[in-house]
Amino acid sequence: MFRNSSDVLHLSFHAGGDKSRPGWCLINSWEPFVTHTAAVGSNGEKSSEWVAPRRLKEPAMGAVKNQCVTLSNNKVLCPSSDEHPWYDTSHFGTTDQSFEHWSVSNNITFTDPYWGTICNSMIQPLIFKPKGWDQGKVFALFRTSCGYTAQAWSDDYGKTWPKKAALTPSPPLKNPGSGAVSYTHLTLPTICSV
């Protein structure tokens with residue numbers, strides 16, 4: 001869920017999946033949708049009713065698992081990933097406050113620095129934009145299948161990222177492949193494995 005600057009609550013979700021196809025349960029076989037609450041109800045109070053969901057247009061995936069973040073340019077950056085039967089990649093979607101117009105960054109992969117092999121899974125990015133950082137600078141952590149958390153930086157509001165993510169600083173932040181949640185409204189970013 002994401003609350004925009006007009007106090008409208010947006011909900012991104014995926015639906016579908018053809019069970020007769022291999023990999024039907026993977027996110028890339030589902031269709032992305034978004035719905036939102038009306039900003040103001042007929043009585044002038046905030047509405048808690050949801051409008052009919054609409055399918056996002058290609059190439060938008062919406063947010064996949066983790067929270068979107070409003071950047072200093074008022075654009076919304078959403079974490080996303082493509083899941084395939086043999087590998088996964090991460091990328092980011094940038095949209096306006098109404099979730100209408102989307103652009104998608106390049107894909108990011110991660111190579112295990114110890115074995116030199118490409119991890120076949122890097123999904124569910126966590127976005128950090130702490131106060132006081134340079135405008136346009138965004139930091140992200142990624143869940144990988146290599147047992148470590150990867151990191152990457154963008155200097156242009158998340159439009160472009162390095163093609164390969166790096167290992168988190170020494171000592172590396174270990175992750176057994178479990179999901180993670182970030183809390184960016186705190187003074188210091190906090191990460192919880194779930």
Residue selected from the stretch 64-95 under the condition within 19 Å of Ala150 (Cβ to Cβ) and over 12 Å from the mean Cα position of the chain (by Cα), by the criterion surrounded by the most Cβ atoms within 10 Å (Cβ to Cβ): Asp88
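Run down Pro59, Pro113 and say which single residue is farther than 19 Å from His10 by Cα, at pLDDT below 90, part of a loop (DSSP other than H, G, I, E, B) and of a type outside the set (A, V, I, L, M, F, W, C). Break it down into steps so the answer makes sense when it comes.
Numbers: Pro59 fails: farther than 19 Å from His10 by Cα.
After ruling out the rest, the residue left standing is Pro113.
Where residues in the stretch 76-95 are assigned to a strand (DSSP E or B) and either touching a helix residue (DSSP H, G or I) at 6+ places or on another chain (Cβ under 8 Å) or at pLDDT below 75 (or both), which of them is nearest to Phe142 (Cα to Cα)? Steps first, answer last, please.
Going residue by residue through the stretch 76-95, those that are assigned to a strand (DSSP E or B) are 76-83, 88-95.
Then keep just the ones that are either touching a helix residue (DSSP H, G or I) at 6+ places or on another chain (Cβ under 8 Å) or at pLDDT below 75 (or both); that gives 81-83.
Details: Ser81: 10, Asp82: 13, Glu83: 14 Å.
So the residue we want is Ser81.
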Total residues in the stretch 96-110, condition modelled with pLDDT of 90 or more and either at positive phi or open to solvent by less than 40 Å² (accessible area, probe 1.4 Å) (or both): 3
Subset of the stretch 137-161 [charged (D, E, K, R) and either more than 16 Å from Ser81 (Cβ to Cβ) or in contact with a helix residue (DSSP H, G or I) (Cβ under 8 Å, 6 or more places away or on another chain) (or both)]: Lys137, Asp155, Asp156, Lys159
Contacts under 6 angstrom Cβ, first residue in the stretch 89-100 being farther than 13 Å from Ser12 by Cβ, partner in a strand (DSSP E or B) and modelled with pLDDT of 90 or more, 6 or more apart: His91/Val104; Phe92/Leu77; Thr94/Leu77; Thr94/Ser103
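For the stretch 12-56, give me each residue that is assigned to a loop (DSSP other than H, G, I, E, B), open to solvent by less than 90 Å² (accessible area, probe 1.4 Å) and modelled with pLDDT of 75 or more. Steps first, please.
Taking the stretch 12-56 first, the residues assigned to a loop (DSSP other than H, G, I, E, B) are 17-26, 38-49, 51-53, 56.
Cutting the leftovers down to open to solvent by less than 90 Å² (accessible area, probe 1.4 Å) gives us 17-18, 23-26, 38-39, 41, 44, 47, 51-53, 56.
Selection gives Val51, Ala52, Pro53, Leu56.
The values are calculated or read from the model by the stated rules, or taken from the named source; none is laboratory data. Computed from a predicted structure; not experimentally measured. Methodologically, a virtual Cβ is constructed for each residue, glycine included, from the backbone with ideal geometry; neighbour enumeration extends over all protein chains shown. Quick note on the areas: whole protein, heavy atoms, side chains included, nothing else; ligands and nucleic acids left out. Shrake-Rupley method; radii C 1.70, N 1.55, O 1.52, S 1.80 Å.
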